[in-house]
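Worksheet: one structure, shown below.
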Amino acid sequence: QLYELNDDAGRKAFLDELFDFMQKRGTPITRLPIMAKQVLDLYELYNLVVARGGLVDVINKKLWQEIIKGLHLPSSITSAAFTLRTQYMKYLYPYECEKEKYSSPNELQAAIDGNRREGRRSSYG
């Protein structure tokens, strides 16, 4: 299904490599993530995140709205940013670490923790 989303030349190579990589890691992708009642386009999601410096940067700079727009997801999905982050971490982050070396899992954890603390602070403030 993911292969059929568009004719981008890089799509097939990317997906083949991603599925192969996840298989070798022992975390094969057996079910595709669904968002807004459609298959989440892992290829586009990956490209959008990597173009912004990787997952840690997207979290730290709060760039999820740009990514939601880039994926043409309805802005009515209130949990879109959280869902995308969760799916990215599950399906794409290990691959990003391997290929792009933008950040380490420790930095990712720090970014998530930092975000959480900020969220809490503002809700009490």
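The values are calculated or read from the model by the stated rules, or taken from the named source; none is laboratory data. None of the values given here were measured: they were computed from a predicted structure. In this analysis, Cβ positions are derived from the backbone assuming ideal geometry, glycine residues included, and neighbour counts consider all displayed protein chains.
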Residue list for segment 87-118, filter: of a type in the set (G, A, S) and part of a loop (DSSP other than H, G, I, E, B): S103, S104
In segment 1-30, residue surrounded by the fewest Cβ atoms within 10 Å (Cβ to Cβ) [restricted to those that are closer than 24 Å to K101 by Cα and among the β-branched types (V, I, T)]: T27
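Surrounded by fewer than 16 Cβ atoms within 10 Å (Cβ to Cβ), under 25 Å from Q109 (Cβ atoms) and without any contact (Cβ under 8 Å) to a residue 24 or more places away in the chain: does that describe Q65?
Answer is yes for this residue.
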Failed item, numbered, when P33 is tested on (1) modelled with pLDDT under 95; (2) surrounded by fewer than 13 Cβ atoms within 10 Å (Cβ to Cβ): (2)
Some residue of segment 41-59 being surrounded by fewer than 13 Cβ atoms within 10 Å (Cβ to Cβ) and at pLDDT 90 or above: no
